[in-house]
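Following: one structure in structure tokens, then a few remarks.
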Amino acid sequence: MDTAQLIRQAKQGSAPAQKCLFDLLSDKMLLVCRRYVKSNEDAEEVLLDGFYKFFKTLGSFQYQGDAALYSWVKKIMIHECLMLLRKKNVFTIVTEADAADCPLEAEALNNLSAKEIFDLIVQLPVGYRTVFNLYEIEGLEHKEIAAMLGITEGTSKSQLSKAKILLQKNLAQNGTRYVKRKSR
């Protein structure tokens, strides 16, 4: 059964179609949630809350392809992650003093697996990790991030810079070298 047909049936309340959509999307969406919240339990809670909202609002969704569906569900999941961080009052902007920039080699990330990179990102403080994910992974601009998080653009830029510095330090501590590229 194709995705468009699953969407139509799920809109009509078909539990098997909803389960198929959940099965189709849940693994990818759990990875999205894990980028924002540290614990597996919180990520699973956010995933379930996100799918609840997804199915609750599915009637207003106009299917225009799998990419549009993925993007819409991902946006719901990110919103739910940010809501959980606010609810738990763990989204604080870290004020750690700026560290010196570390000189790092060009082939660093080539020596790391996706899991190792993911683990480095997840270990960032919440504020750093959230801004890093929104900017580098989701492709949002600082103005959008600032509006979403209720911070200034300058704070968003600062958090991103500090996140990169901390990632570089962690890479260096692991014996991996990385050369900074120009930011947008």
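Structure summary
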| read-out | value |
| --- | --- |
| Long pairs among Lys38/Lys74; Lys38/Lys115; Lys28/Lys169; Lys53/Lys87, criterion Cα-Cα beyond 19 Å | Lys28/Lys169 |
| Cα gyration tensor category, rounded, prolate or oblate, for the stretch 3-87 with a/c compared to 1.5 | prolate |
| Gain in span if fully extended, Ala4 to Leu112, counting 0.36 nm per residue against the direct Cα distance | 35.1 nm |
| Nitroxide proxy distance, nm - points 7 Å out along Cα→Cβ at Lys87 and Glu41 | 1.4 |
| For the stretch 137-148, Karplus couplings with θ = phi - 60° (6.51, -1.76, 1.60), whole Hz, Gly/Pro x | 9, 7, x, 6, 8, 4, 4, 5, 4, 4, 5, 5 |
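Every number in this text was worked out from the coordinates using simple rules, so none of it is lab data. Being a predicted model, the structure only gives us computed values, none of them experimental. Neighbour counts run over all protein chains shown; Cβ positions are idealised from the backbone, glycine included.
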